[in-house]
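Chemist: My questions will all concern the structure given below.
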Amino acid sequence: MDELRDLLARAAELAADHRASLADRPVARAVDHAALRGAFGGALAKDPTPPAAVLEELARAAEPGLVATAGPRFFGFVVGGALPAATAADVLATGWDQNGFNAVLSPAAAAAEAVAGDWLKDLLGIPATASAGFVTGGQAANTVGLAAARHHVLAEAGWDVERDGLAGAPRVRVVASEERHATVDRALRLLGFGTRAVEPVKAGPQGAVDVDDLARKVQDGPTIVCLQAGNVNTGACDDIRAARAVAKNTWIHVDGAFGLWAAANPKTASLLDGVELADSWACDGHKWLNVPYDSGFVFCARPEVHAEAIAYRAAYLTGAGQVSGMGDLTLESSRRARGFAVWAALRELGRDGVAELVDRCCRLARRFAGTLAEGGAEIGNDVVLNQVLVSFGDDARTDAVIERVQLDGTCWLGGTTWRGRRYLRISVSGWTTTEADVDRSAAAILRLAAHRPQ
């Protein structure tokens, strides 16, 4: 055990050194992928290698290919950097090596998920009676939420989809924005609906669903309506209250991978007015909550429907038949105990800390937009959350700026196509990002847009 203790201490030292370097190192660097793979590769050795040597070899091999996604100037996706308490809790979770399938396998994991789930529902405006499943991320959350929706709308039509499948089932209409996230379509493929099941709804000027067009698309019969909290390009949120008013007898699923966190901040909560009226919700933890990968949440207003759609039973499983709120609400049997890190993050931040984190990122996004606009860039969206779309004129020039920024290393951001035009897409989500980081990054973007050498 002394060897293990030393090994874990060294791993923690290496991880801490990496975190300490993030503020100063280039966010991304040019990578020789063949050399990187070569450092990891070669024939598998015949003889064992001491664990300490393996750890050092891994650290050396990985270093050239590590991207500072956890640092203060990574804006390419809605990506946070794990909070200190969440990071340490995840290290403990690895050391404890708990299987989070049910409360028999890990009473501690079950308790952490139950408490953290209650805290999340309270923060996000979701009814306290809803179920909470801890999944891998937004894709899994959307898939589970839509599986619950499938179960419910077909059961209401007298069809047992878990027993009889979809062949011969009543047609289910899926009504979703033309600007829905791609994970919704993949969930529909995986659930057997296919993407042709979607009845697309027009989106307004900023990407929120057009409620009048939604009303025209909603008809009698089994119907699932997919709404969005946080358009992936603009941050716009659908009007959930108005949508529920025109879609009274449907199942409403809210894809809120990052935008659902707006409900936790009093200054942005109005964007999610009526969120409690939905039937299921998807959200990420490794985005705005800044917990380690992989962490997401799915909530369902009808816990029994959630479990009936997802759970399975086997005679050898101790605790089978007792809905645990863990493996019965998620797609995995052998589950990482994700609740420990989520509990730790929420305990570290508290209610006010979560609100401040969301609010600060929104302020920094507005600062980004204002500085870039003053420098001659065009801002393509109303900055209501943490998303900023930036154009430098024609698409070719905008793409050239994106490439230069990615190679420069001061910050990292990606590109997107929205309404037929190319934009730099900036997402501000990290807990370590400061005004100085935004100013430094904006200055670099404007310098590279002017194509002036440093």
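Chemist: Does region 92-103 contain at least one residue that is surrounded by fewer than 21 Cβ atoms within 10 Å (Cβ to Cβ), assigned to a loop (DSSP other than H, G, I, E, B) and touching a residue at least 24 places away in the same chain (Cβ under 8 Å)?
Modeler: yes
Chemist: Next question. Name the one entry in Trp343, Trp418 that is of a type in the set (A, V, I, L, M, F, W, C), closer than 17 Å to Gly100 by Cβ and in contact (Cβ under 8 Å) with a residue 40 or more places away in the chain.
Modeler: Matching residue, one of Trp343, Trp418: Trp343.
Chemist: Among the numbered criteria (1) in the same structural domain as Ala93 (by TED's automatic domain parsing); (2) in contact with a strand residue (DSSP E or B) (Cβ under 9 Å, 6 or more places away or on another chain), which one does Ala341 miss?
Modeler: (2)
Chemist: Test each condition in (1) in a helix (DSSP H, G or I); (2) in contact with a Ser or Thr (Cβ under 9 Å, 6 or more places away or on another chain) for Glu403 and report the one that comes out false.
Modeler: So the condition that Glu403 fails would be (2).
Chemist: State yes or no: is Glu113 surrounded by 15 or more Cβ atoms within 10 Å (Cβ to Cβ), in contact (Cβ under 8 Å) with a residue 24 or more places away in the chain, in contact with a strand residue (DSSP E or B) (Cβ under 6 Å, 6 or more places away or on another chain) and not in a helix (DSSP H, G or I)?
Modeler: Spelling it out, it is not the case that Glu113 is surrounded by 15 or more Cβ atoms within 10 Å (Cβ to Cβ), in contact (Cβ under 8 Å) with a residue 24 or more places away in the chain, in contact with a strand residue (DSSP E or B) (Cβ under 6 Å, 6 or more places away or on another chain) and not in a helix (DSSP H, G or I).
Chemist: Taking the conditions exactly as written (assigned by TED's automatic domain parsing to the domain that holds Gly158, within 15 Å of Asn142 (Cα to Cα) and among the acidic types (Asp, Glu)), does Asp185 satisfy them or not?
Modeler: Taking the combined requirement at face value, the residue satisfies it.
Chemist: Filter region 325-351 down to the residues that are small (Gly, Ala, Ser) and out of contact with any Phe, Trp or Tyr (no Cβ under 8 Å at 6 or more places or on another chain) and list them by number.
Modeler: Selection gives Gly325, Ala341, Ala344, Ala345, Gly350.
Chemist: Does His306 meet the test of being over 15 Å from Leu83 (Cα atoms), modelled with pLDDT of 95 or more and either touching a strand residue (DSSP E or B) at 6+ places or on another chain (Cβ under 9 Å) or not assigned by TED's automatic domain parsing to the domain that holds Val428 (or both)?
Modeler: So His306 fits the description; yes.
Chemist: Then there is this: Let me confirm something: among Asp220, Asp160, which residue is at pLDDT below 95, loosely packed, with under 14 Cβ neighbours inside 10 Å and assigned by TED's automatic domain parsing to the domain that holds Ala141?
Modeler: Answer to the check: Asp220.
Chemist: Of the residues Gly414, Gly409, only one is under 18 Å from the mean Cα position of the chain (by Cα), of a type outside the set (Val, Ile, Thr) and within 21 Å of Gly71 (Cα to Cα); which?
Modeler: Gly414
Chemist: Please work out if Val225 is within 17 Å of the chain's Cα centre (by Cα) and in the same structural domain as Gly125 (by TED's automatic domain parsing).
Modeler: When the stated conditions are applied, Val225 does not pass them.
Chemist: Please determine whether any residue of region 33-45 is at pLDDT below 95 and under 21 Å from the mean Cα position of the chain (by Cα).
Modeler: No - not one qualifying residue is present in region 33-45.
Chemist: Go over the candidates Ala82, Ala68, Ala61 one by one and state the one that is outside the structural domain of Trp288 (by TED's automatic domain parsing), outside any loop (DSSP other than H, G, I, E, B) and out of contact with any His (no Cβ under 7 Å at 6 or more places or on another chain).
Modeler: Ala61
Chemist: I've got another one for you. Within region 22-43, can you find the residues that are closer than 15 Å to Val67 by Cβ, surrounded by 13 or more Cβ atoms within 10 Å (Cβ to Cβ) and not β-branched (Val, Ile, Thr)?
Modeler: Across region 22-43, the qualifying residues are Leu22, Ala23, Arg25, Pro26, Ala28, Arg29, Leu36.
The values are calculated or read from the model by the stated rules, or taken from the named source; none is laboratory data. Note that the structure is a prediction, hence the values are computed from the model and not measured. Neighbour counts run over all protein chains shown; Cβ positions are idealised from the backbone, glycine included.
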